[in-house]
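In what follows, a single structure is set out as structure tokens and then discussed.
The values are calculated or read from the model by the stated rules, or taken from the named source; none is laboratory data. Keep in mind it's a predicted model, so treat the numbers as computed, not measured. Because the Cβ atoms are built from the backbone with ideal geometry, glycine has one as well, and the counts that use them run over all protein chains shown.
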Amino acid sequence: MKNTIGKRAHGHARSRDARVVRIRSEHNGIGALKTLIIALLLLAQIALLFLLYLFFIAGFRHYLLVSFILSLLTCIYVVSSDKNSQSKAVWIIFLLLTFSFGYIIYFLSDEKIFFGKAKKKYRAIFDKSEALVKGDALSEETVSQTMRNYAAYLENAGPFPAFSGTEMHYFPSGGQLFDAVLPRLAAAEHFIFMEFFIISDGVLLERVREVLEERARAGVDVRILYDDMGSHRTLSRKTRKAMRKAGIRIYGFNRLLARFSVAMNYRDHRKIIVVDGKIAYTGGSNLADEYVNEKRMFGYWKDTGFSLEGPAVDSFTRIFLRQWAFVSKKKRT
């Protein structure tokens, strides 16, 4: 029987169940309190930094001259860094226009200082897994020069390897995407990998959970990654606990903490589902009711998606396992 997630049900029982789920997910008092506390603590930390800045200016007459020199030195540091030319230009303009404090912001946001340990760990994971997936050698007989140029660009920028021999199917809405996803999840035999920016309690998650928990009990390896900022008010602790109890392994990326840190700006916006290494789904739809129009927030919500079957699925599997290795803090996955 075909699932119809993207359509509203007319039956009384389903409507009543949908309302219960929505009320539970939309009126999450604990999530709202947590957000308020984090916001207040962050504002207090920013205010303290600003007061210290004003105190320093008042107590040091030659601060502007010293800060201008420091900004110039920071500009030299930026020029000698490994950033791309566009990023360097933006930073240098910013540093010169805000020389009294710009260098402070730059070093607070420097990846090597505040995200250096994480980058080192990522680099080790990437180096270890680099040779596991290789794209196709695109020849003139099979692919145009323009497409080969695009493939070369993606390989250099990512690296994102290009693949041939892969079938793609387009879904014009989130409802149609998850209509196709659910039966493939139910038929999974070996593993299910899911990675989303937003996972939200609601009608859609309840249906997906039912399938995932059944598969996990059947011995399928089910792993889920979610972004802790994107899901912090929508994915309840109760739901996560129930998933883990059912045998689903689930982790949050970059936990949202009441600490002023530019590392909080690093978020996971991916939307990936991989089933048995045979099919992968991605696109713009998160795992939440508004993306399948079970919940209307701003009228009809349209986000597209697509599925891939073929060699390119290996690349999605590797993308997920890299993030899993980083987040789960385990050497083997």
For residues in the stretch 314-333 being more than 16 Å from the chain's Cα centre (by Cα) and of a type in the set (S, T, N, Q), which is surrounded by the fewest Cβ atoms within 10 Å (Cβ to Cβ)? Thr333
Looking only at the stretch 192-227, count every residue that is surrounded by fewer than 17 Cβ atoms within 10 Å (Cβ to Cβ) and touching a strand residue (DSSP E or B) at 6+ places or on another chain (Cβ under 8 Å) and tell me the total. 1
Residues that are exposed (fewer than 14 other Cβ atoms within 10 Å of the Cβ), outside the structural domain of Arg233 (by TED's automatic domain parsing), modelled with pLDDT of 75 or more and among the hydrophobic types (A, V, I, L, M, F, W, C): does the stretch 1-24 have at least one? no
Let me spell it out: the conditions are (1) in a loop (DSSP other than H, G, I, E, B); (2) touching a Leu at 6+ places or on another chain (Cβ under 9 Å); (3) among the basic types (Lys, Arg), and Arg148 meets all of them except one. Which number is the exception? (1)
So which residues in the stretch 147-178 are among the acidic types (Asp, Glu) and out of contact with any strand residue (DSSP E or B) (no Cβ under 8 Å at 6 or more places or on another chain), if there are any at all? Glu155
Among (1) among the hydroxyl-bearing types (Ser, Thr, Tyr); (2) modelled with pLDDT of 95 or more; (3) within 25 Å of Ala118 (Cα to Cα), the one test that Thr239 misses: (3)
Which residues, counting only those in the stretch 172-223, are within 15 Å of Ile248 (Cα to Cα) and acidic (Asp, Glu)? Glu189, Glu195, Glu206, Glu210, Glu213, Glu214, Asp221
Restricting attention to the stretch 221-236, report how many residues are closer than 20 Å to Asn265 by Cα and basic (Lys, Arg). 1
Could you list all residues from the stretch 285-313 that are more than 25 Å from Asp201 (Cβ to Cβ), at pLDDT below 95 and buried (at least 18 other Cβ atoms within 10 Å of the Cβ)? Ala312
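Kindly indicate whether Ile93 is modelled with pLDDT of 75 or more and either assigned to a helix (DSSP H, G or I) or at positive phi (or both).
Criteria met by Ile93.
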Name every residue in the stretch 212-271 that is small (Gly, Ala, Ser) and over 18 Å from Ala288 (Cβ atoms), in order of residue number. Ala216, Ala218, Gly219, Ala246, Gly247, Ala258, Ser261, Ala263
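Out of Phe126, Phe193, Phe107, Phe171, which single residue is in the same structural domain as Leu73 (by TED's automatic domain parsing) and either touching a residue at least 24 places away in the same chain (Cβ under 8 Å) or in contact with a Gly (Cβ under 6 Å, 6 or more places away or on another chain) (or both)?
Numbers: Phe126 fails: in the same structural domain as Leu73 (by TED's automatic domain parsing); Phe193 fails: in the same structural domain as Leu73 (by TED's automatic domain parsing); Phe171 fails: in the same structural domain as Leu73 (by TED's automatic domain parsing).
Answer to the selection: Phe107.
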Filtering the stretch 96-113 down to residues that are hydrophobic (A, V, I, L, M, F, W, C) and either surrounded by fewer than 16 Cβ atoms within 10 Å (Cβ to Cβ) or part of a loop (DSSP other than H, G, I, E, B) (or both) yields Leu96, Leu97, Phe99, Phe101, Ile105, Phe107, Leu108, Ile113
Going residue by residue through the stretch 133-144, is there one that turns out to be under 30 Å from Val327 (Cβ atoms) and either part of a helix (DSSP H, G or I) or modelled with pLDDT of 85 or more (or both)? no
Checking the structure you have, find out if any residue of the stretch 68-83 is exposed (fewer than 12 other Cβ atoms within 10 Å of the Cβ), under 31 Å from the mean Cα position of the chain (by Cα) and not in a helix (DSSP H, G or I). yes
Quick check on the stretch 204-218. Is at least one of its residues not in a helix (DSSP H, G or I) and not assigned by TED's automatic domain parsing to the domain that holds Thr35? yes
Subset of the stretch 159-170 (residues that are over 21 Å from the mean Cα position of the chain (by Cα) and either in a loop (DSSP other than H, G, I, E, B) or not charged (D, E, K, R) (or both)): Ala162, Phe163, Ser164, Gly165, Thr166, Met168, His169, Tyr170
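Could you tell me whether Phe50 is of a type in the set (Phe, Trp, Tyr) and either under 25 Å from the mean Cα position of the chain (by Cα) or at pLDDT 75 or above (or both)?
Working: of a type in the set (Phe, Trp, Tyr): yes; either under 25 Å from the mean Cα position of the chain (by Cα) or at pLDDT 75 or above (or both): yes.
Considered against the rule, which asks whether it is of a type in the set (Phe, Trp, Tyr) and either under 25 Å from the mean Cα position of the chain (by Cα) or at pLDDT 75 or above (or both), Phe50 comes out as yes.
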